[in-house]
Amino acid sequence: MVKVITYGTYDLLHYGHIRLLKRAKALGDYLIVGVTADDFDKTRGKINVQQSLMERLEAVRATGIADEIIIEEYEGQKIDDIRRYDIDIFTVGSDWVGKFDYLKEYCQVVYLDRTEGVSSSEIREQKRAQRLGLVGEAEFLNKVAAECDFVNGMHVCAAFSEKKEYIPQGLRTLAITTDDYSAFLDSVDAVYIRSYPDKHFEHIRRALQAGKHVLCESPITLCSSQCDELFALAEKQGCILMEAVKTAYSTAFSRLVLVAKGGRIGTIISVDATCTSLKDFGAGYYPAWNSICDWGPTAMLPIFQLMGTEYKSKQIATHLLDKDLRFDAFSKIDFVFENGVGSIKVGKGVKSEGELIVSGTKGYIYVPAPWWKTDYFEIRYENPAENKRYFYQLDGEGIRYELVAFLRAIDSGRNLRYIDRKISTAIADVIGDFYSGKDVVEIG
């Protein structure tokens, strides 16, 4: 029996895929099809795959051509698979000519002509690109615009600030730069908001009322009632409202959450997250993004994802540089849950080690600084010989993955939340308490 193996992403399965699979099957008696996993695709630069791994697996299975379907998950797996399955022929499309000649040491390599004029990339590009507008004054928006270049189907076309001269320099070459929010909304399909936190509610509300999809930097609002109001409005308008905490969209963090919830470290008892950065606040100048708004949502994310949002009590200890503006140079929040605790330390005027530690009854997960941009974490046990390290690709600080998730949600019409609505509301609730003084102790 002649065994044949081939690999592909098979996103938006089309006639070209099916023709290639049929020709691969004709080369032998038994065809094994390797479908690349989402994580492996990211390492190859394919971050804009439209369908999930399960959808792509099912599409290949539904053709009835493959005798066996496997998942390709890591670099070098092709050699392992050829040996494991005793493969006679490896085959792939002619656009890869020469790329896999190294496999000739292990089996015959055949490059099949592709079907001209059809590809998943072309199908994705044929969709009308979402016109994205950027809202705010932060230089960070330059990064967002740059990362959009890696996302098929999303085009940055406009920028808005309530004072036009505050639009970041790198965005001033866009077709539309304006301080007229109504005109701005008329020119876009979706908006990315990083205006001052106290402006988020109004900017999101008006965008949703205009039928625009919204990706907003966390916190979405400064109180939970406004957060609930906006999510309800998004549902009514049939719009996507997503929260932008780039850490939530990174592969390493997603896997960390799955590993922790899967019991690898036993029962989770404690989650401790630290996020700090030093800023110069000379001459009494305090920016609108204080420590609790700038770092708080990121630090609270692992606590609420791993421990839930139903904490029994909390205490916010804060060092305020300006009491009237509620500008904190440093804040520490301790949460008490029914079966555990969580703690965050955030600061823009105090420096500490930016690590994340998840403690369990069997071991703990350690993520080194800066944990919010990690591509690596460790599980550590009492016996160091049992420790395990995990490595994942991270490009563009996770911003491009965030944008891809936003675009997928728009295309599907479903809010594919990486951050649950309950967590968004819980974050807004904590920040609202900070501003109202509830559960707050001032220090220093």
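The values are calculated or read from the model by the stated rules, or taken from the named source; none is laboratory data. Source: prediction; values computed, not measured. Neighbour counts are summed over all protein chains in view; Cβ atoms, including those assigned to glycine, are modelled from backbone coordinates with ideal geometry.
Taken over segment 188-198, residues that are surrounded by 15 or more Cβ atoms within 10 Å (Cβ to Cβ) and either in a loop (DSSP other than H, G, I, E, B) or over 18 Å from the mean Cα position of the chain (by Cα) (or both) amount to 5. Looking across Ala183, Ala232, Ala207, one residue alone is surrounded by fewer than 21 Cβ atoms within 10 Å (Cβ to Cβ), within 28 Å of Phe434 (Cβ to Cβ) and either without any contact (Cβ under 8 Å) to a residue 24 or more places away in the chain or in contact with a strand residue (DSSP E or B) (Cβ under 7 Å, 6 or more places away or on another chain) (or both). It is Ala232. In segment 247-265, is there at least one residue being surrounded by fewer than 17 Cβ atoms within 10 Å (Cβ to Cβ), of a type outside the set (A, V, I, L, M), in the same structural domain as Ile303 (by TED's automatic domain parsing) and over 25 Å from the mean Cα position of the chain (by Cα)? Taking every residue of segment 247-265 in turn, none turns out to be surrounded by fewer than 17 Cβ atoms within 10 Å (Cβ to Cβ), of a type outside the set (A, V, I, L, M), in the same structural domain as Ile303 (by TED's automatic domain parsing) and over 25 Å from the mean Cα position of the chain (by Cα).
The rows are residues; the columns are (1) in contact with a Lys or Arg (Cβ under 7 Å, 6 or more places away or on another chain); (2) of a type in the set (S, T, N, Q).
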{"position": "Leu141", "(1), (2)": "yes, no"}
{"position": "Met154", "(1), (2)": "no, no"}
{"position": "Cys157", "(1), (2)": "yes, no"}
{"position": "Phe160", "(1), (2)": "no, no"}
{"position": "Glu165", "(1), (2)": "no, no"}
{"position": "Ala190", "(1), (2)": "yes, no"}
{"position": "Ala207", "(1), (2)": "no, no"}
{"position": "Ser218", "(1), (2)": "no, yes"}
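Tell me which of these Glu165 doesn't satisfy, since it passes every other one: (1) at pLDDT below 95; (2) assigned to a loop (DSSP other than H, G, I, E, B). Unmet for Glu165, out of (1) at pLDDT below 95; (2) assigned to a loop (DSSP other than H, G, I, E, B): (2).
Taken over segment 277-317, the residue count meeting the criterion of being part of a strand (DSSP E or B) and surrounded by fewer than 22 Cβ atoms within 10 Å (Cβ to Cβ) is 4. The set of residues in segment 78-97 being without any contact (Cβ under 8 Å) to a residue 40 or more places away in the chain and assigned to a helix (DSSP H, G or I) consists of Ile79, Asp80, Arg83, Arg84, Ser94, Asp95, Trp96. For first residues located in segment 99-113 and part of a helix (DSSP H, G or I), partners that are surrounded by 11 or more Cβ atoms within 10 Å (Cβ to Cβ) and lie 6+ apart or on another chain with Cβ distances below 6 Å form the pairs Leu103/Phe90; Leu103/Val109.
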